[in-house]
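Heads up: the structure comes next, in structure tokens.
The values are calculated or read from the model by the stated rules, or taken from the named source; none is laboratory data. Quick caveat, the model's predicted, so the values are computed rather than measured. Glycine gets a Cβ as well: all are built from the backbone with ideal geometry, and neighbour counts include every protein chain shown. With ligands, DNA and RNA removed, areas are computed over all heavy atoms of the protein, side chains included. Shrake-Rupley method; radii C 1.70, N 1.55, O 1.52, S 1.80 Å.
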Amino acid sequence: MLYSAQLHLVNGQHQLLVTDAESGHTDVIPVTKKAVSRLPTYLGMLKKAAK
């Protein structure tokens with residue numbers, strides 16, 4: 001399983017694009033500004049869990 005994620009700002013709204021590398025399917029998920037501001041925290045937790 002391999003996914004990629006991209007965060008885009010479209011017309012003032014944040015969108016998270018998550019793509020399944022195997023199937024090529026992409027989901028577009030609206031993301032609040034508050035969630036975007038927390039991304040560094042979430043990424044830090046993922047890095048710690050991977051160690």
**Q.** Subset tally (residues that are part of a loop (DSSP other than H, G, I, E, B) and in contact with a His (Cβ under 9 Å, 6 or more places away or on another chain)) for region 1-44
**A.** 1
Q: Could you please give the count of residues in region 1-16 that are more than 17 Å from residue 35 (Cα to Cα) and polar (S, T, N, Q)?
A: 2
Q) Does region 28-46 include one or more residues that are at pLDDT 95 or above and touching a Phe, Trp or Tyr at 6+ places or on another chain (Cβ under 8 Å)? A) no
Q. Under the condition of being among the β-branched types (Val, Ile, Thr) and open to solvent by 80 Å² or more (accessible area, probe 1.4 Å), which residue from region 26-41 is nearest to residue 15 (Cα to Cα)?
A. 28
